[in-house]
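Trainee: I have a structure here, written as structure tokens, and I will follow up with some questions on it.
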Amino acid sequence: GNHGASAPAFAPVLASHAVFLGAAAGAEVAQQPHHQLRLVLRPPGSGADDDKVEKFNARVRDALGSGGELEFQALGPAAARRVLHALARAGRAAHFEVSWTSVSSPSEERSAPAARVLRFVARSSVGEVADLPELGRGIVVRADSQVLTVARALARASAQAHLRGSEPWRLHLHALADDARACGVLAKALATAPSLPNYRSLMGTPELFRPARDPRLRLSVRVESLGPAEASVADDGPTRTTFQAYPPGPDADPAAVRRFSASVRDRLHQGQEVFAECRGADAIAHTLKALCQAQQRVAEVEFQWAEVAGRAAPRPNDGDASTEHDDLKLSVLHVRARAAEPWSEFNAIDFKASDLLFAKSSTEVKKLSWAVSVQTRKRGAVSLHAFSDNIEAMSVAAKALATLPRLTGGERVVCVPSLGWAARGGGAAAGQRNPVLRLFV
């Protein structure tokens, strides 16, 4: 369901920065609204020497001691571990939020993909005394732990606490302090959890301790829920990276279909563009149904035809199946989707102001495509429906939208998919309600 928007716990950094020369770990000062300053530090990576690490820790300790706010962009598990250690050694309780963002080097070409990094924002809580964690309570994170598994455990625990009305909610994450990979998984899980169902922002407070039963140094992060998390949808913003999804085909395992749908839903909520290459009606149907599950905000979808290299099946008596005449081009459907307006805003549209078209398995793709073009030009939009228990009908609807640019000299359309119910026509099924795929084009 939709959650109300909440103000972010920390104000965003403005575009203008005043750069100062500092310690070996680079630093900037960003001007905040209401004249609040935020120190931006670059954490040392895996190859940093002890002197550089100590200077970084001292900068963090001094900034938090003066009541300042800090921002870090950590690329790689070693950098994430340095941030968590520095905050834990600050001499006072240091709260942080962590999220995914993407950055690209100014020297890189514009076409080069941006790197996904962890963005920490931290500040101290003067006078707060942290509770001593117990190793047996909470979630233990190891180097081989899966980020999504830990993130979903966090989201599930937060959701259960919310349903019980037991917020404020707290939970501890534990990892070996010297294990950079485990610390990296821990930080990534905290950044990923707010984008999973329940969608609640999380705040962490790191501590270092040695349990009585095991003298190895441990990193413990006390996690608290801050309230509903808003989806990231900034146009061309820092999180607008592309996630490639691989849709299941015919006779897919239901568990694989659920994992695919969850991945698409979660990535859209994170603000990422989702891309899928669909070969066959089953892949198209699974992709459409997954996009219908977008939470908080609708998925805006565009279909395009593309040609990819393929190979025909070997013919009898052909001998070598890799001969030149076997090479061919296959037409596949490319699907691109991004999070758009909130569902409440989309549902306020007067859908009766546009016509309704219906796709069946027997519908001719080109004729349906022309009908969509006529209606969108005439009224600005059109509703295109197909029964969602008929994968061929859903495939026809998607193919019609992908074909439209070829018929109109490049005219492009986007659609918002959703699922609903409709009554079938006459005959024995008259009056029966059946699930329907709705594409608002």
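The values are calculated or read from the model by the stated rules, or taken from the named source; none is laboratory data. These numbers were taken from a predicted model, which means no experiment stands behind them. FYI the Cβ positions are ideal-geometry reconstructions off the backbone, even for glycines, and counts take in every protein chain you see. Calculation scope for accessible area: heavy atoms of the full protein, side chains included, ligands and nucleic acids excluded. Shrake-Rupley method; radii C 1.70, N 1.55, O 1.52, S 1.80 Å.
Trainee: Between residue 367 and residue 75, take the C-beta separation as r, use R0 = 60 Å, and let me know the FRET efficiency to the nearest 0.05. Display every interim value, and only then the final one.
Mentor: Working: r = 52 Å, r/R0 = 0.86.
So, using R0 = 60 Å, E works out to roughly 0.70.
Trainee: For residue 307, what accessible area in Å² do you get when you roll a 1.4 Å probe over the heavy atoms of the protein chains, rounding to the nearest 10?
Mentor: Ignoring ligands and nucleic acids, residue 307 comes out at about 120 Å².
Trainee: Quickly rank 201-210, 61-70 as a protection proxy: mean count of other C-beta atoms within 10 Å, highest first. Don't skip to the end; give the middle numbers.
Mentor: On the way: 201-210: 19.8, 61-70: 16.9.
By packing density, highest mean first, the sequence is 201-210, 61-70.
Trainee: Report the accessible area of residue 383, computed with a 1.4 Å probe over the heavy atoms of all protein chains in place, in Å² rounded to the nearest 10.
Mentor: Answer for residue 383: close to 10 Å² accessible.
Trainee: Moving on. Once a ≥ b ≥ c are taken as the square roots of the eigenvalues of the Cα gyration tensor of segment 347-402, is the result rounded (a/c under 1.5), prolate (a/b larger than b/c) or oblate (a/b not larger than b/c)? Walk me through the numbers on the way to the answer.
Mentor: Working: a/c = 2.63, a/b = 1.42, b/c = 1.85.
Oblate shape, in that a/c is at least 1.5 and b/c is the bigger or equal ratio.
Trainee: Count the net charge of all other residues whose Cβ sits under 11 Å from the Cβ of residue 177, scoring Lys and Arg as +1 and Asp and Glu as -1.
Mentor: +2
Trainee: Another question, then. Between residue 46 and residue 210, with labels modelled 7 Å along Cα→Cβ, what's the label distance in nm to one decimal, could you check?
Mentor: Each label point is offset 7 Å from its Cα along the Cβ direction, giving 2.8 nm.
Trainee: Figure the gain on full extension for residue 351 and residue 279 (residue separation times 0.36 nm, minus the Cα-Cα span) and round it to one decimal in nm. Display every interim value, and only then the final one.
Mentor: Values: separation 72, 0.36 × 72 = 25.92 nm, distance 3.14 nm.
Length gained between residue 351 and residue 279: 22.8 nm.
Trainee: What full-extension length gain, to one decimal in nm, is calculated for residue 302 and residue 432 as 0.36 nm per residue of separation minus the Cα-Cα distance? Display every interim value, and only then the final one.
Mentor: On the way: separation 130, 0.36 × 130 = 46.80 nm, distance 3.16 nm.
Roughly 43.6 nm would be gained on extension.
Trainee: Also, I was wondering about something else. What figure in square angstrom, to the nearest 10, would you give for the accessible area of residue 85 with a 1.4 Å probe?
Mentor: Roll a 1.4 Å probe over it and residue 85 shows about 10 Å².
Trainee: Right, next: Need one word for segment 342-441: rounded, prolate or oblate. Basis is the Cα gyration tensor (sqrt eigenvalues a ≥ b ≥ c); a/c below 1.5 gives rounded, then a/b vs b/c decides. Please list the in-between numbers first.
Mentor: Working: a/c = 1.93, a/b = 1.25, b/c = 1.54.
The shape class here is oblate.
Trainee: Quick one: grab the alpha carbon gyration tensor of segment 158-217, order the square roots of its eigenvalues as a ≥ b ≥ c, and give me rounded if a/c is under 1.5, else prolate or oblate depending on whether a/b is larger than b/c. Walk me through the numbers on the way to the answer.
Mentor: Numbers: a/c = 3.26, a/b = 1.68, b/c = 1.94.
Since a/c reaches 1.5 but b/c is at least a/b, the shape of segment 158-217 is classed as oblate.
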